[in-house]
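The next block holds one structure in the form of structure tokens; read it before the comments.
The values are calculated or read from the model by the stated rules, or taken from the named source; none is laboratory data. Computed from a predicted structure; not experimentally measured. Cβ placement follows ideal geometry from the backbone for every residue including glycine, while neighbour counts extend to all protein chains displayed. Surface accessibility is based on the protein's heavy atoms, side chains included, excluding ligands, DNA and RNA. Shrake-Rupley method; radii C 1.70, N 1.55, O 1.52, S 1.80 Å.
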Amino acid sequence: MRFVFDEQPPVTHPTVDLGCGTWCTINYDSIISSALAIVVTIAAAVLIARSMSSQRPNRVQALAEWAFSYVRSTSKENAPDASSFVVPLAATIGFYILVANYLDFLPITLVPNVHPANTDVNQTAAMAIVVFVLLHWYNIRLRGLKGYLLYYTRPHELPVWARAIFTPLNVIEEIVKPVTLALRLFGNLLAGLLMLYVIGLLLPPVLATPVVAIWKLFDVLFIGLIQAFIFMLLTLVYFGLAREGFEQEHSH
């Protein structure tokens, strides 16, 4: 367990400045960590796909099919006309986050410039922005530009003056969605690493070893799974919320 106590919390990141301002500053350690997680995710997906058999399905295949069926059924319940792209989006993001989180079972932080990818808010924010952009593209495609703008004046059954009051709140609600997606995942994973670091500082190795082992097993195995599930589920739910009032508006 010594590698656990050598881990450093990724609070600061080494950067490369491309010379064109703040938006051109890159955390190159997060690029390395994200690339590692992407490679492992693709490799795991390929291996799972190649191991599938209609004659003799194995446990991994059963688990993968159950997970994909859950994503597909949830998507059909929330946004049935968007399942063709929402299901691959949510399933891919959920699986990638899970793999990136579970890489923390390995002593990857002993490798220079490598850390759990989702402990950088830029990583989680990038995924949240992708969901945000596709979500509003879907809403515009669903309602048209005029209907999309009117969407922000809900609830539509209220008088005009009341809808004007709710409009800023609806705009804030949409802006907050990607922020909460990004910060929830980032905050939970970073807090787990910081706990390991604090335990290693406060307790002597004899006591810290079993405590760290139990905490890391709980944090990575359980919290890592829950956070991947929540991000995936909220992606599906947000697409469902984009349809709010659509059936009623087109039933008249």
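Residues of segment 14-52 that are at positive phi and open to solvent by 50 Å² or more (accessible area, probe 1.4 Å): Gly19 alone. Of all residues in segment 21-48, those that are more than 20 Å from Pro116 (Cα to Cα) have Cβ atoms under 7 Å from Cβ atoms of residues that are part of a helix (DSSP H, G or I) and open to solvent by 50 Å² or more (accessible area, probe 1.4 Å), 6 or more apart or on another chain, in Ile48/Val60.
Listed conditions (1) under 19 Å from Ile93 (Cβ atoms); (2) touching a residue at least 24 places away in the same chain (Cβ under 8 Å); (3) out of contact with any Ser or Thr (no Cβ under 7 Å at 6 or more places or on another chain); (4) open to solvent by less than 80 Å² (accessible area, probe 1.4 Å) are all met by Ile129, apart from (4). When the helices (runs of 4 or more DSSP H) confined to segment 2-120 are screened for residues that are under 28 Å from Phe132 (Cβ atoms), aliphatic (A, V, I, L, M) and in contact with a helix residue (DSSP H, G or I) (Cβ under 7 Å, 6 or more places away or on another chain), those reaching at least 3 such residues are found at 28-51, 83-102.
If you go through segment 150-164 and keep only what is under 20 Å from Ile140 (Cβ atoms) and open to solvent by 60 Å² or more (accessible area, probe 1.4 Å), you end up with Leu150, His156.
Only one entry in Leu181, Leu190 is buried (at least 16 other Cβ atoms within 10 Å of the Cβ), within 24 Å of Ala117 (Cα to Cα) and at pLDDT 90 or above, namely Leu181.
The numbered conditions (1) within 16 Å of Ile226 (Cα to Cα); (2) modelled with pLDDT of 90 or more; (3) crowded, with 20+ Cβ neighbours inside 10 Å are all true for Asp104 except (2). Checked across segment 88-95, the condition of being polar (S, T, N, Q) and buried (at least 17 other Cβ atoms within 10 Å of the Cβ) holds for no residue.
Tyr151 satisfies every condition listed in (1) under 30 Å from Pro80 (Cα atoms); (2) of a type outside the set (D, E, K, R); (3) at pLDDT 90 or above except (3).
The set of residues in segment 205-244 that are open to solvent by 70 Å² or more (accessible area, probe 1.4 Å) and at pLDDT 85 or above comprises Ile214, Leu217, Phe218, Leu221, Phe222, Leu225, Phe229.
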